[in-house]
1. Return yes or no: is ILE45 over 20 Å from the mean Cα position of the chain (by Cα), free of Cβ contacts under 8 Å to residues at least 60 places away in the same chain and closer than 19 Å to ALA341 by Cβ?
2. Considering only region 142-155, I want to know if a residue exists there that is among the polar types (S, T, N, Q), in contact with a Gly (Cβ under 6 Å, 6 or more places away or on another chain) and not in a helix (DSSP H, G or I).
3. For region 322-345, state whether one or more residues are under 21 Å from PHE399 (Cβ atoms) and in contact (Cβ under 8 Å) with a residue 12 or more places away in the chain.
4. Which one of PHE451, PHE465 is closer than 29 Å to LEU185 by Cβ, in contact (Cβ under 8 Å) with a residue 12 or more places away in the chain, surrounded by fewer than 23 Cβ atoms within 10 Å (Cβ to Cβ) and of a type outside the set (Lys, Arg)?
5. Within region 179-227, how many residues are assigned to a loop (DSSP other than H, G, I, E, B) and under 22 Å from the mean Cα position of the chain (by Cα)?
6. Quick one: SER458 ticks every box in (1) part of a loop (DSSP other than H, G, I, E, B); (2) more than 16 Å from the chain's Cα centre (by Cα); (3) closer than 21 Å to ASN205 by Cβ bar one, so which box is it?
Amino acid sequence: MKFLNKQTISVLLGLVGLILPQFIGFEGLEPAGQIALGIFLMAAIFWICEPIPIFATSLLIILLQVFLLSEKGLFASSLIESGYTPQSYKDFYGTMASPIIILFLGGFSLASAAVKFGIDKTLTRFLLKPFGSKPQFVCLGLMVSTAVLSAFMSNTATTAMMITVVLPIIAQLDKGDPFRKSVALAIPVGANIGGIATPIGTPPNAIALAALRGQGIDIAFSTWMLLAVPLVVIMLILAWRILLFLFPPATDEFKINLDAKVDKSPAAIIAYIIFGLTVLLWVTEKIHGISSSVVAFLPIAALPALSVLDKKDIRSFSWEVLWLVAGGISLGLSLKHTGLASWIIDLVNWGSLGSLGLLIVFGLVAYGVANLISNTVSATILVPLAVGLGVSGAAGADFNMGISIVTIGVVVSLSMILPISTPPNAIAMSTGVIETKDMAKSGIVVGFIGFAITLAISLLYWPLFIK
């Protein structure tokens, strides 16, 4: 029948995922958790099958959470009677203006100014000049530059800046050239991998280190780099070759026209100053202590106030990307608050797996969960479980809690299958060059190879530093 097309079937599957858990009794899962499970299943189906735009799925998630799980929702009274304390609807709405969203918006402001006044071309010329004009080495240059920046500043901020670099490169390529996708994907892949390199590269690293310090295991900044940098180098090389294999360049060489004169108008000079100041403050966040999300409001406010950006520029922002990320953040709130995430993890009898089995399962669970929700939330949920298993002794005498926690921190950063898996992925989608299936294709290959290499390094190399 004609109405049973892919879109209709996907919608029906999503609705079944939403409704079915409400009629099945899951032992240990409270009513609020059952509602959250339904929303989670529907979101996963919609995000993967795309019967509606992925950003629309994110907005739908927030709508359902407000109506079904908040203290102003339809079932607030019955949820309270069951012993659950509903979240405020403001928590779900607040994800639309969370610090990460503000950071995105600051990046979009800089990107708009960069394109308007040619800052992107200047950055491109400076960063890519050492890598020549061969397409494959341009791709490597983009990944290395992004990874280095991402190791010392926000992955999201790095991606937001580097996207301004790739736009003129993409514009030089024919629309039928698969290499356009390699260029667009090089940025989020480089950012996700590069963030592993230092303790400040990404929040999961900090979560892992804080948990270890709480158990008397102190890993210094330099020690973390000794653990992580070899993995990062290996993964960058492999990811580069994977992208070129999946999306090879159609030509052997191309020239990028970056010889335009530097704009010296007053508005351009202001844009250069604000751009440079914002980047400097982002890079030196650990010195002055001002959050990157706070710094991000500088270009948001200053560029329009000083007439650098006008209404037309602001309307061109990729607002749908902000909505996409907000939905992922909001879903993470429900999974944690309703106990659904803990319930899913508790389905596994961890203590019977043995030390190697635990390491493998921890890694696989971290990889799977982080692809569907925030990698920070994933680490926040899984790290305490590893600590609990180590402290209780249920995992056995051979269980190395330190290595398990570091493995979780690293693997969640390698989870990059979907646009909502990590903020850099969502930003890359704003280029309009890649589709979800392209991101999934590269993310699955890079992620599983990365997991295997991480497991090997955790068994053969990390024990030299973590006893």
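Rule-based calculations on the coordinates, nothing more; no lab input. This one's a predicted model, so the numbers in the text were calculated from it and none came from an experiment. Please note: Cβ atoms are built from the backbone with ideal geometry, for glycine as well, and neighbour counts cover all protein chains shown.
1. Details: over 20 Å from the mean Cα position of the chain (by Cα): no; free of Cβ contacts under 8 Å to residues at least 60 places away in the same chain: yes; closer than 19 Å to ALA341 by Cβ: yes.
No.
2. Taking region 142-155 as the starting set, the residues that turn out to be among the polar types (S, T, N, Q) are 145-146, 150, 154-155.
Filter again for in contact with a Gly (Cβ under 6 Å, 6 or more places away or on another chain), leaving 146, 150, 155.
If we keep only those that are not in a helix (DSSP H, G or I) as well, we get none.
No, the conditions are met nowhere in region 142-155.
3. yes
4. Criteria check complete, one pass: PHE451.
5. 8
6. (1)
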